[in-house]
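A short write-up of the structure that comes next.
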Amino acid sequence: MRCPPEGQESQGDQQPPQGGLGLMGGRNVLVERFMADETFSRLYEERLAELHAELVDSGAAVEIVDRLEDSLLASAGDLVASDTITSEADEITQFG
């Protein structure tokens, strides 16, 4: 946490700017503006559906996660418990 410049008080629980949802669950005005554009929004939804079919519906995402899980189990077992790797991989594959 950064301290305010000398002579100024902290802003306390300052809220983020309002807008579309951001990565951390906050709002993002840029996302909101892009999604308000009908053409952009339509293209976004079309591409999202294509990616979902390509990765999730086809099973490719599960295959990728399985390969990464195997790699981590083989080479990172001394850094991360194998049950943690397995449970995290299972959680990821439940997304779709």
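Some points to look at:
- Computed FRET value (nearest 0.05) for PHE40 with ILE64, which takes r as the C-beta separation and R₀ as 30 Å: 0.60
- Shown is the FRET efficiency for VAL31 and ILE92, computed with R0 = 25 Å from the Cβ-Cβ distance and rounded to the nearest 0.05: 0.60.
- Coil-residue chymotrypsin sites (Phe, Trp or Tyr not before Pro) of the stretch 22-96, DSSP, other Cβ within 10 Å capped at 10: PHE95
Where a number appears in this text, it was derived from the coordinates with a stated rule and is not lab data. Treat the numbers as computed from the prediction; the structure is a model and nothing was measured. As a convention, Cβ positions derive from the backbone with ideal geometry for all residues, glycine included, and neighbour counts pool all protein chains shown.
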